[in-house]
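Report on the following structure.
The values are calculated or read from the model by the stated rules, or taken from the named source; none is laboratory data. The shown structure was predicted, so the numbers you read here are calculated from the model rather than taken from an experiment. Each accessible area value is taken on the protein alone, full model and side chains, heavy atoms only, with ligands, DNA and RNA left out. Shrake-Rupley method; radii C 1.70, N 1.55, O 1.52, S 1.80 Å.
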Amino acid sequence: MSEATAASSTPLERDARLVTAREHRIAPGEIAIGVIIGRTSEFFDFFVYAIASVLVFPSLVFPYADPLTGTLFSFAIFALAFLARPVGSLIFMAVDRRYGRGVKLTIALFLLGGSTAAIAFLPGHQQIGTASALLLALFRAGQGAAWGGVWDGLPSLLALNA
């Protein structure tokens, strides 16, 4: 490990390198695969939500509204992720400064995947009433905040290690 890298790394990142490196450097191809997986999961989450906004949520979360209004409600919640992105960027910039890029990316990707899984298992309006729509909005905002956190991290991680 070079002195420049050691000086700019946080203690958590240095410890992770010591545990995982084991006498070899991480190849840029390995990092590229991680970037591809991360980007794919991000776009997959947004793509699946868009489809569910038309096919699933109007009848599951908004059964009290007519189909058009339910779809519009679903797309209004869809927009929350785009509004949460700048907030996520600010939060994850603070995490990056304090704990490093690796910790930031790990937390953001887990938040993204956790929010997506929570949406998949969300009970409908029949089971929990209006809380279904509120939880859907919360999980959607979680997806947006997470995407704001990883937007700059994955490509810059690849560039720094190439």
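Observations on the structure shown:
- Extension gain for residue 33-residue 126 works out to 29.3 nm (0.36 nm per residue, less the C-alpha to C-alpha distance).
- P(r) tail fraction, region 40-162 - alpha-carbon pairs more than 24 Å apart, %: 31 percent
- Apolar share of the accessible surface for region 25-152: 76 percent from carbon plus sulfur atoms, 1.4 Å probe.
- The residues of region 99-144 expose on average 48 square angstrom of accessible surface per residue, using a 1.4 Å probe on protein heavy atoms.
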